[in-house]
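The values are calculated or read from the model by the stated rules, or taken from the named source; none is laboratory data. Values in this document were obtained by computation on a predicted structure and should not be read as measured data. Because the Cβ atoms are built from the backbone with ideal geometry, glycine has one as well, and the counts that use them run over all protein chains shown. Side chains are part of the model used for accessible areas, which takes the heavy atoms of the whole protein and leaves out ligands, DNA and RNA. Shrake-Rupley method; radii C 1.70, N 1.55, O 1.52, S 1.80 Å.
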Amino acid sequence: HQDDWYFTKVRIQDDDLSSSEYFKTITVLNVAPVISEIIGGEYDEGQMSELHVRFTDPGMVDFHQVMVNWGDGSTETFSVPFRDRDITLTHQYADDDPTGTHADEYTVQVTVTDDDGGSVSSSTRQGLRSVRSSTSLPYTT
């Protein structure tokens, strides 16, 4: 992660107007974001699923990106609006895997990265239920 350095100059003056100057380089260390909550859910195949992500970061002016590996072979990266730390993301699972089962779970991996390179990862599960289509055949005699 990237740290910032600041060069400071301090002048101390007493009541007799004599003064001294001091110079110091200050290093401000970047602190990575922290994921405080990830909430998945149970969805039907083909339905839009939601993933709720909440995180904190003491860097009040940091910008963030959230990368999500949805567990079905697809990965997406989302830019988070400035100072937003509570987001809901959506994804559509086309079919449960393996096909033929009534429901499956996907492990969803989430990585939050700040603009200084600090990052954190965590995971949750999304459930996906099969939706069987029913076809009706015309009645014949």
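In the list [x] 30; [y] 48; [z] 57, the label attached to percent of Cα pairs over 22 Å apart as derived from the coordinates here is [z]. Computed from point charges on the beta carbon alone (+1 for Lys and Arg, -1 for Asp and Glu), the dipole magnitude for the chain about its Cα centre is near 160 Debye.
What a 1.4 Å probe finds exposed on segment 1-75 is 55% carbon and sulfur by accessible area, rounded to a whole percent. Among the protein heavy atoms of segment 85-127, carbon and sulfur supply 43% of the accessible surface, probe 1.4 Å, non-protein parts ignored. Based on C-alpha pairs under 8 angstrom that are at least 6 apart in sequence, segment 1-88 has a relative contact order of 21 percent. Solvent-accessible surface of segment 1-131, averaged per residue with a 1.4 angstrom probe and all protein chains in place: 62 square angstrom. Ligands, DNA and RNA excluded, the heavy atoms of SER19 present near 60 Å² of accessible surface to a 1.4 Å solvent probe. A 1.4 Å probe over all protein chains sorts PHE23, PHE7 by accessible area into PHE7, PHE23, starting with the largest. Taking all protein chains as they are arranged and a probe of 1.4 Å, the heavy atoms of ASP84 leave approximately 50 Å² accessible to solvent.
Of HIS91, HIS102, HIS52, which is the most mobile in a GNM of the chain whose springs link Cα atoms less than 10 angstrom apart? In this elastic network of the chain, the residue with the biggest mean-square fluctuation among HIS91, HIS102, HIS52 is HIS102.
The Cβ shell under 14 Å around VAL34 holds other residues with a net charge of -3, Lys and Arg each +1, Asp and Glu each -1.
Given +1 at the Cβ of Lys and Arg, -1 at the Cβ of Asp and Glu and no other charges, the dipole of segment 76-118 around its Cα centre is 160 debye to the nearest 20. Here's the picture: charge each Lys and Arg Cβ at +1 and each Asp and Glu Cβ at -1 in the chain, and of PHE63, TYR106, PHE23 the one pushed furthest to the positive end of that dipole is TYR106.
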